[in-house]
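Take a look at the structure set out below.
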Amino acid sequence: MGYAIVQVLNALSFSALLLLTALGLSVVLSLMNFINLAHGSFYLLGSYIAVFWFASGAPWWLAFPVAFLATALAGALLERFPFRGFYARTHLMQVLLTYGLSVVFADLMRWGFGAQILSPELPEPLQGVVFLLDMPFPVYRLFLIGVGFFLAGILWVLLDRTLWGAVVRASVADRGMVETLGIDTRRVLSAVLVLSAGLGGVSGALGAGMLAAYPGLDEEVLILALVTVVVGGLGTFRGTVLSALVVGFALTFSKVWFPEFANVVAFSAMAVLLLLRPAGLVAPRLRQV
Amino acid sequence: MVAVAGLSAAALLAGEFHLRFLAEILIIGTAVMSLDLLVGFGGLVSLGHAALFGAAAYAAAVAAQHLGGNLLFILGTGIAMGAAVAALMGAVIVRTSSLFLLILTLLLGQIVWEIVFHWRDVTGGADGLRGLPPLSFGPWVLSSARPLFLLAGLLALAALWLAHSFVDAPLGRALIGSREQPIRMSALGYSIPRIRFLTMLVAGAIAGAAGALYPFVNLYIGPQSVHWTLSATMIIMLVIGGVGSLWGAFLGSAVYLAIQTYISAYTDRWQLFVGLIFVLTVLLLPNGLAGGLRRLASRMRRRRAQQA
């Protein structure tokens, strides 16, 4: 029983991490129709920032806002050039551009931070384990579950319940009409990309305590986040939450039951899911013209 | 004609190292050209093409280890494996498009990679397979560079001819139609899933034939040949050469592999440059070298016509 609870919590903490990363990718993909394969680089940069911030002795909780701001800044610079010119290009060109950038960033980070696995030294209050029915469980993962779903909630309020969120959604639905209302939609879209990059960074900072930081992690996280977004369905917040849970649980439990071929089983399950529901778990309502 | 002349000149003049390198270019180029059938003519951007190529390469290598390197047998194994994986992938992707197609092919490709990477008893896992027997054709043993290069050249020409006749055949025309006007094509009674599935089979068979020869160039095959990184690399080779031009695929793979080989000889940071190649290509050369050359040719022709 205790073992099952621990595995469920493991899956939940992984889902929380996936959710944050996938939301960053999803807002850009569904709102701007832009595939950003460099999102994994934002994640890994955030992880490295957290590792070095925890080691520096500065107040530990500042690591997360710092990671957010640093990657948001990187996102803002990239948005200026070259992303902005590619919003209207084909998916193929977007994929090639951002894949190339992610390879460049991966190599720069390997150059700067080394090729070894860096595990952060966790701050005092997050170290250690708690006992659930006599089974040990890391405190940090509980923190991850809490913060992950809390941040996702904030994002939902921001996009779904504020005026700014309404402007973003309106810019997607009918850009010309929003422009005639006197709103600079180009700036709105830049803000979305910056927010997405920052989300990537903060999820990296959170994930460092669970997955550490090493070259190649950017790609692993990117693939899982992409799968999460697509399985959930484009443009639905509920869908992404649901599919983060599905992917998190599928990966965690296939690692428990089929340690050697865990990813084969999990990926196959997701491919089947995509076949059964090609538009995602929660299909967006399409306006029929 | 030019291609045949170039191939025979290279066979006579180039040294051992360069012949193997050219053979690799021709083999990868053949696989890239089969991808062009999907991307350039069907509008189906696949991020899993390396899985077809790599699975065939592994099948050929394993078959050669156990049953010897008879050329026709090895080619048959590769083609069968490439077509089989393509059939699987085709069955899955025929009804999807754009983004979902991209993710599904990526997922399926990574499933193949995971199997290759973890099935150590057969595939050697991360180490790959070494110590393969050389290819043989009747009494001849094709182990030195020159026959291997000629073999790769023959394969490339045969594949190019096959791809050209596929595109000119009714099926190829229907494929282009399904890319341009899917609704109109369905209304005319064409089954778009069927067209796409058959195209996948042809592309898989060509990629499989190329994959079958690949392990024998360097007598080694590793899991990198199945990874989606190679799929992305194949797409960039295609874009460098020019999407939809078929022969441009060989140009693209030659340019890419040459840059990669010479840069990695000079610096450890060659991956940085590989990434830059991607970025610069889409920024400066989105139509590829073949498109640029064709524009140049038509401009010269026009100038000559004005002078006359």
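The values are calculated or read from the model by the stated rules, or taken from the named source; none is laboratory data. Everything numeric in this text was worked out from a predicted model, so none of it was measured. Neighbour counts are summed over all protein chains in view; Cβ atoms, including those assigned to glycine, are modelled from backbone coordinates with ideal geometry.
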Item to complete: Looking at (1) without any contact (Cβ under 8 Å) to a residue 40 or more places away in the chain; (2) crowded, with 24+ Cβ neighbours inside 10 Å, find the lone condition where A:G57 falls short.
Response: (2)
Fill in: Residue check, A:G239 within 11 Å of chain B (Cβ to nearest Cβ), crowded, with 18+ Cβ neighbours inside 10 Å and within 17 Å of the chain's Cα centre (by Cα)
no
Discussion item. Of everything in region B:235-259, what is in a helix (DSSP H, G or I) and of a type in the set (F, W, Y)? Give them in sequence order.
Written reply: B:F250, B:Y256
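Do we find that B:S144 is more than 23 Å from B:W247 (Cβ to Cβ) and surrounded by 14 or more Cβ atoms within 10 Å (Cβ to Cβ) in this structure? Break it down into steps so the answer makes sense when it comes.
Numbers: more than 23 Å from B:W247 (Cβ to Cβ): yes; surrounded by 14 or more Cβ atoms within 10 Å (Cβ to Cβ): no.
For B:S144, the condition - more than 23 Å from B:W247 (Cβ to Cβ) and surrounded by 14 or more Cβ atoms within 10 Å (Cβ to Cβ) - is not met.
Grab the helices (runs of 4 or more DSSP H) fully contained in region B:24-124, keeping just those with 3 or more residues being more than 30 Å from A:A225 (Cβ to Cβ) and hydrophobic (A, V, I, L, M, F, W, C). Steps first, please.
Numbers: elements: B:49-67, B:71-93, B:98-118, B:120-123.
By residue number, B:49-67, B:71-93.
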Worksheet item: Between residues in region A:269-281 that are facing chain B (nearest Cβ under 9 Å) and residues that are surrounded by 15 or more Cβ atoms within 10 Å (Cβ to Cβ) and not hydrophobic (A, V, I, L, M, F, W, C), which pairs lie under 6 Å by C-beta distance while being six or more apart or on different chains?
Response: A:P278/B:T96; A:A279/A:G233; A:G280/A:G232; A:G280/A:G233; A:G280/A:G239
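So that you can scan it fast, the table gives a plain yes or no per residue for (1) within 14 Å of chain B (Cβ to nearest Cβ); (2) within 23 Å of A:N36 (Cα to Cα); (3) part of a helix (DSSP H, G or I); (4) basic (K, R):
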site	(1), (2), (3), (4)
A:P65	no, yes, yes, no
A:R89	yes, yes, no, yes
A:Y99	yes, yes, yes, no
A:A106	yes, yes, yes, no
A:R110	yes, yes, yes, yes
A:F131	no, no, no, no
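Please find, among A:A213, A:A244, the residue that is more than 11 Å from every other protein chain (Cβ to nearest Cβ) and in contact with a strand residue (DSSP E or B) (Cβ under 8 Å, 6 or more places away or on another chain). Break it down into steps so the answer makes sense when it comes.
Values: A:A244 fails: in contact with a strand residue (DSSP E or B) (Cβ under 8 Å, 6 or more places away or on another chain).
It is A:A213.
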Worksheet item: Taking A:V139, is it away from every other protein chain (no Cβ under 14 Å), surrounded by 14 or more Cβ atoms within 10 Å (Cβ to Cβ) and without any contact (Cβ under 8 Å) to a residue 40 or more places away in the chain?
Response: yes
Discussion item. Among the listed residues B:A14, B:A55, identify the single one that is aliphatic (A, V, I, L, M), under 11 Å from B:G208 (Cβ atoms) and over 11 Å from the mean Cα position of the chain (by Cα).
Written reply: B:A55
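Please determine, by comparing only the residues of region A:216-236 that are of a type in the set (V, I, T) and out of contact with any helix residue (DSSP H, G or I) (no Cβ under 6 Å at 6 or more places or on another chain), which one is farthest from the other protein chains (Cβ to nearest Cβ). Working first, answer last.
We begin by selecting, within region A:216-236, every residue of a type in the set (V, I, T); these are A:221, A:223, A:227-231, A:236.
Those still in the list that are out of contact with any helix residue (DSSP H, G or I) (no Cβ under 6 Å at 6 or more places or on another chain) too: A:223, A:236.
Numbers: A:I223: 7, A:T236: 15 Å.
Looking at the filtered set, the residue picked out is A:T236.
Looking at A:V194, is it over 30 Å from B:F273 (Cα atoms) and either in contact (Cβ under 8 Å) with a residue 60 or more places away in the chain or surrounded by 12 or more Cβ atoms within 10 Å (Cβ to Cβ) (or both)?
Details: over 30 Å from B:F273 (Cα atoms): no; either in contact (Cβ under 8 Å) with a residue 60 or more places away in the chain or surrounded by 12 or more Cβ atoms within 10 Å (Cβ to Cβ) (or both): yes.
Criteria not met by A:V194.
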Item to complete: Output the number of residues of region B:189-215 satisfying the condition of being farther than 25 Å from B:L102 by Cβ and modelled with pLDDT under 90.
Response: 1
